[in-house]
1. Could you give each residue of region 72-89 its phi-based ³J(HN,Hα) in whole Hz, using Karplus coefficients 6.51, -1.76, 1.60 with θ = phi - 60°, and x for Gly or Pro?
2. When the Karplus curve 6.51 cos²θ - 1.76 cosθ + 1.60 is applied with θ = phi - 60°, which whole-Hz ³J(HN,Hα) does each residue of region 167-184 get, with x for Gly and Pro?
3. State, as an integer percentage, the relative contact order of the chain based on alpha-carbon contacts under 8 Å between residues 6 or more apart.
4. Once phi is turned into ³J(HN,Hα) by the Karplus curve 6.51 cos²θ - 1.76 cosθ + 1.60 with θ = phi - 60°, what whole-Hz value does each residue of region 41-58 show in order, with x for glycine and proline?
5. Dipole of the chain, Cα-centred, from +1 at each Lys and Arg C-beta and -1 at each Asp and Glu C-beta, to the nearest 20 debye?
6. Quickly work out the ALA123-to-THR62 label distance, labels modelled 7 Å from Cα along the C-beta direction, and quote it in nm with one decimal.
7. Count the net charge of all other residues whose Cβ sits under 12 Å from the Cβ of TRP55, scoring Lys and Arg as +1 and Asp and Glu as -1.
8. Take every DSSP beta bridge with both residues inside the chain and express the antiparallel ones as a percent of the total, to the nearest 5.
Amino acid sequence: YSVNLYSAWNTYTVVYNANKPSGASGTVMGSTVSSSHTYDTQKALPANGYSLKGWTFQGWATSPNGSVVYENGEQVKNLTAEDGGTVNLYAVWEQTAHQITFNASGGSGSGTVSVLYDGALPALITEPSRNGYNFAGYFTEPDGNGQQYYTADGEAVNGMTYTACEDIKLYAFWKPISYSIELY
């Protein structure tokens, strides 16, 4: 029979990989410095130092495509028994969903939709309407100024993607219908 004996002096290194998800358009910023651990001694993983616009850090996996195994700052011990070994952990990211709130600005057709950062703008829930006015589009400002997100046809502006990285409110902008009156 064999017995594995491990010295309390065995140390190993944990290396933290940014692990940018496929489909993420930005650059992973920051760093998480490798940490040194002693076998059979509990120690907290360092706080995640990475950030990725439009994505939320979920925790650490043991493989690039793995699920979260360790939480941010979790107390761990004995990740490997190999003296001088290296353990690689990989950041797990989740794309952040935000809300777009449509304000019909005196008309009908308000609502809220969820959208992912860098995702295509969703179709309008309902095209807004207002008696005596033509819909001119959805804008970031109630007066029709600011950035336009939807056209008068209710279509997203030129295949625009959502890059606000926060919840936003869009306002319907209306143009009064003008009538010609002919007197006889």
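Bear in mind that the values in this text are calculations on the coordinates, not laboratory data. Keep in mind it's a predicted model, so treat the numbers as computed, not measured. With ideal geometry, Cβ positions are generated from the backbone for all residues, glycine too; neighbour counts draw on all protein chains shown.
1. Result, ordered by residue: 4, x, 4, 6, 10, 7, 6, 6, 7, 9, 6, 5, x, x, 10, 10, 9, 10 Hz.
2. In residue order, the calculated couplings are 5, 9, 10, 10, 10, 5, 10, 10, 10, x, 7, 9, 10, 9, 10, 9, 9, 10 Hz.
3. On the way: 409 pairs, mean separation 33.8, N = 184.
RCO, the chain: 18 percent.
4. In residue order, the calculated couplings are 10, 6, 8, 6, 5, x, 5, 4, x, 8, 9, 9, 4, x, 10, 10, 5, 9 Hz.
5. 180 debye
6. About 4.5 nm, to one decimal.
7. 0
8. On the way: 33 of 42 bridges.
Once the DSSP bridges in the chain are tallied, antiparallel ones form about 80 percent.
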